[in-house]
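K.L.:
Structure provided below as structure tokens; questions to follow.
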Amino acid sequence: MTKLRLPELTLSDGATDFIDDAKLHDLLVAPPPDAARVREVVAKSLAKQALSVEETAVLLRAEDPELVEEIFAAARRLKQDVYGNRIVLFAPLYIGNDCVNDCVYCAFRHSNRDEVRRTLSPDEIRQQVEALENRGHKRLILVFGEHPRYDADFIHDCVQTVYSVKVGHGEIRRVNINAAPFDVAGFKRIKEARIGTFQIFQETYHHATFAEFHPRHTRKGHYLWRLDSLCRAQEAGIDDVGIGALFGLYDWRFEVLGLVTHALHLQARFGVGPHTISFPRVRRAHGVRLSERWFVNDYDFKRLVAILRLAVPYTGLILTAREPPELRRELLGFGVSQIDAGTRIELGGYTEAGDAQCLQREQFELGDIRSLDEVMGDLLTDGYIPSFCTACYRLGRTGEHFMEFAIPGFIKRFCTPNALLTAMEYLVDYASPQTRAAGLKLIENELAQMPPTKAKDQLVERLRRIQTTEDRDLYF
Ligand code: SAM
Ligand code: SF4
């Protein structure tokens with residue numbers, strides 16, 4: 001057995017356990033709100049204000065189908081009015097699945113002896129990145145199990161390897177991380193590699209459930225070490241962090257309150273909330289058997305996405321390929337801002353996997369294994385602008401979701417043009433003929449809707465350069 005050699009746990013300055021289970025439960029068992037109260041809360045969100053935990057609970061207690069429809073409609077409206085029709089695309093790249101933890105829901109857990117264990121070498125990482133670039137990806141998230149060998153230096157070096165790979169017009173412009181929590185020094189080291197978002201999911205905010213799924217003798221069994229992790233990331237200077245909960249372990253409404261509490265805590269303590277929220281639902285995984293008691297059905301899943309959209313209007317929402325294509329399509333309208341596409345999560349899966357998934361080689365089963373080109377084609381046909389934009393991050397404009405939301409004209413001036421420029425790169429360099437045709441049509445429609453301005457002329461000129469020259473990576 002691997003010897004657990006992990007450094008001492010040093011929390012952030014002033015770390016506190018800010019999740020009060022009893023308070024959150026009380027908010028959920030209060031009587032159902034009347035329609036007027038629900039509408040008041042919705043109106044606050046549509047007036048561009050984040051909701052409090054209490055106000056979020058009002059929306060969670062609204063069970064009347066008509067009120068739920070109003071919540072759906074408000075989420076769609078917020079998405080449409082505020083964010084428009086862009087969807088950012090990325091792909092996960094699993095680097096290693098050795099793990100010292102024993103999370104009950106995960107195929108990578110230490111006690112799962114049947115899982116094929118593997119850590120990609122630098123050469124293997126390069127091969128995977130080449131394959132991803134050749135398909136048109138520009139944004140990756142690197143995923144790691146928790147293991148002493150996946151220390152901060154290791155992650156730092158993996159990120160540098162990824163950035164060093166360039167094939168043809170391909171390059172990775174933003175690398176996000178989903179890995180175990182570090183101490184402040186560890187986060188600082190990883191930041192040096194120029195990472196985008198550091199994601200850590202609390203999995204469940206409910207203390208007793210957390211203990212049930214994460215054995216106490218494991219590193220992950222330490223609730224506060226994990227809850228405090230993104231505060232340490234902030235202390236280390238990583239101001240771009242992503243929170244998440246794994247839905248299906250406990251009452252979904254409690255988890256939504258946990259996420260909102262967490263977001264407000266980060267906002268209050270560091271002046272900046274989380275960049276993204278993820279809300280994976282538990283999936284079938286090799287050797288995993290879970291009670292279905294808290295599984296979230298599709299209707300409630302839509303509710304939770306709509307309520308999150310309203311509660312934290314300027315936080316990005318990430319919907320992953322765990323969910324099937326039809327449901328993903330529907331949820332895009334509720335304010336999801338990022339999705340992964342062309343996803344493979346077997347180690348080495350971008351060059352080695354065939355069409356079928358192999359549960360023994362992956363963390364869980366995916367619901368959507370369409371190729372990037374198929375997803376692009378479907379998005380374009382549905383009128384979305386797929387975006388690989390990384391401009392804000394590259395120009396040091398952090399907090400872009402806040403700017404999109406709060407600065408009038410920001411989206412028109414920056415986001416839409418940049419989305420169109422990156423979409424054009426994809427269409428010229430990687431798309432199938434059908435996807436290219438659908439994309440060019442969409443770009444034409446978007447341009448037709450823009451009033452004639454100097455900025456529009458610049459955009460048209462840049463789009464033309466991408467189509468007719470080798471110039472790439474043009475952004476505002
Ligand atoms: N090992 C690190 C950790 O646990 O923080 C990195 C993340 S893990 C590789 C990525 C995420 O996958 C976990 O945080 C968890 O939410 C999710 N996950 C694990 N098992 C899952 C399952 N059976 N179905 C869906 N998501 C799962
Ligand atoms: Fe390890 Fe993460 Fe899986 Fe838990 S969820 S067993 S920490 S890889």
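K.L.:
Just for the chain, what percent of DSSP beta bridges are antiparallel, to the closest 5?
P.N.:
5 percent
K.L.:
Pulled fully out, how much extra length does the chain show between E470 and A30, if you take 0.36 nm times their separation in residues and subtract their Cα-Cα distance?
P.N.:
Taking 0.36 nm per residue and subtracting the Cα distance, the gain is 152.3 nm.
K.L.:
So what is the calculated 222 nm ellipticity per residue for the chain, using -39500 (n - 2.57) for each DSSP H run with n of 4 or more, over all residues, to the nearest 500 deg cm²/dmol?
P.N.:
Dividing the helical sum by the residues of the chain leaves -13000 deg cm²/dmol.
K.L.:
Let me ask something else about it. Would you mind calculating the gained length between R394 and A448 on full extension (0.36 nm times residue separation, minus the Cα-Cα distance), in nm to one decimal?
P.N.:
16.6 nm
K.L.:
Another question about this same structure. Could you line up F72, F402 from fewest to most neighbouring Cβ atoms inside 10 Å?
P.N.:
F402, F72
K.L.:
Among 233-244, 203-214, how do they line up from the highest to the lowest mean number of other beta-carbon atoms within 10 Å?
P.N.:
In decreasing order of mean packing, 233-244, 203-214 become 233-244, 203-214.
K.L.:
Once you sort the root eigenvalues of the Cα gyration tensor of region 33-78 as a ≥ b ≥ c, which label holds: rounded (a/c under 1.5), prolate (a/b larger than b/c) or oblate (the other case)?
P.N.:
Taking the square roots of the gyration eigenvalues as a ≥ b ≥ c, region 33-78 is oblate.
K.L.:
Here's something else I'd like to know. Please express the shape of region 410-468 as an equivalent ellipsoid: the semi-axes are the square roots of 5 times the eigenvalues of the C-alpha gyration tensor, given largest first in whole angstrom.
P.N.:
For region 410-468, the ellipsoid semi-axes come out as 20, 11, 10 Å.
K.L.:
Continuing with the same structure: Which trypsin sites (Lys or Arg not before Pro) in region 289-383 sit in a loop by DSSP (not H, G, I, E or B) and have at most 15 other Cβ atoms within 10 Å of their own Cβ?
P.N.:
Counting only loop positions with at most 15 other Cβ atoms within 10 Å, the trypsin sites (Lys or Arg not before Pro) in region 289-383 are R289, R293.
K.L.:
Which distance in nm do the two modelled labels at A406 and D457 give, with both placed 7 Å along the Cα-to-Cβ direction?
P.N.:
Placing both labels 7 Å along Cα→Cβ, they lie 3.4 nm apart.
K.L.:
Identify, among A47, V58, V68, the residue whose Cα sits farthest towards the positive end of the charge dipole of region 33-78, taking +1 on the Cβ of Lys and Arg and -1 on the Cβ of Asp and Glu, with the dipole about the Cα centre.
P.N.:
Farthest along the dipole direction, towards plus: A47.
K.L.:
Taking the Cβ of L290 as the centre, find all other residues whose Cβ is under 12 Å away and add up their charges (Lys, Arg: +1; Asp, Glu: -1).
P.N.:
Result for the local shell: +3.
K.L.:
Using a Förster distance of 35 angstrom, determine the FRET efficiency expected from the C-beta separation of E66 and S111, and round it to 0.05.
P.N.:
0.15
K.L.:
Take the Cβ-Cβ distance between L224 and D151 as r, set R0 to 30 Å, and report the resulting FRET efficiency rounded to the nearest 0.05.
P.N.:
My answer for the efficiency is 0.90.
K.L.:
I've got another one for you. Once you order the gyration tensor axes a ≥ b ≥ c over the Cα atoms, which shape class does region 86-404 get: rounded for a/c under 1.5, otherwise prolate or oblate by comparing a/b with b/c?
P.N.:
Because its axes are fairly even, with a/c under 1.5, region 86-404 counts as rounded.
K.L.:
Farthest toward the dipole's positive end in region 228-321, which of G244, L266, P280, given Cβ charges of +1 (Lys, Arg) and -1 (Asp, Glu) about the Cα centre?
P.N.:
Checked the options; the winner is P280.
K.L.:
Please identify the trypsin sites (Lys or Arg not before Pro) of region 1-106 that satisfy two criteria: DSSP loop assignment and at most 15 other Cβ atoms within 10 Å. Which are they?
P.N.:
K3, R5, K48
K.L.:
If you don't mind, another one. Which order results if H110, H137 are arranged by neighbouring Cβ count within 10 Å, fewest first?
P.N.:
So the ranking, lowest neighbour count to highest, is H110, H137.
K.L.:
Past 29 Å, Cα to Cα: identify those pairs from K44/K191; K48/K191; K48/K302; K44/K302, in the order given.
P.N.:
K44/K191; K48/K191
K.L.:
I've got another one for you. When you count, for each residue, the other Cβ atoms within 10 Å and take the mean per peptide, how do 453-466, 142-155 rank with the highest first?
P.N.:
142-155, 453-466
K.L.:
Starting from region 1-97, pick out the GluC sites (Glu not before Pro) whose DSSP state is loop and whose Cβ has at most 10 other Cβ atoms within 10 Å.
P.N.:
Hits after loop and neighbour filter: E8, E63.
K.L.:
What does the charge count near Y250 come to, summing +1 for each Lys or Arg and -1 for each Asp or Glu among other residues with Cβ under 11 Å from its Cβ?
P.N.:
Net charge in that neighbourhood comes out at -3.
K.L.:
Where nothing but the Cβ of Lys and Arg (+1) and of Asp and Glu (-1) is charged, how large is the charge dipole of the chain around its Cα centre, in debye to the nearest 20?
P.N.:
With only Lys, Arg, Asp and Glu charged at Cβ, the dipole is about 760 debye.
K.L.:
Assuming 0.36 nm per residue, please report the length gained on full extension of the stretch K441 to A185 beyond their Cα-Cα distance.
P.N.:
87.2 nm
K.L.:
Let's test the formula: R0 of 35 Å, r as the Cβ-Cβ distance of R329 and D123. What FRET efficiency results, to the nearest 0.05?
P.N.:
About 0.40, to the nearest 0.05.
K.L.:
Just grab the label-to-label distance for S164 and K23, each label 7 Å out from Cα along the Cβ direction, in nm (one decimal).
P.N.:
4.8 nm
Each value in this text was obtained by applying a stated rule to the coordinates, not by laboratory testing. This one's a predicted model, so the numbers in the text were calculated from it and none came from an experiment. Every residue, glycine among them, receives a Cβ derived from its backbone with ideal geometry; neighbour counts consider all protein chains shown.
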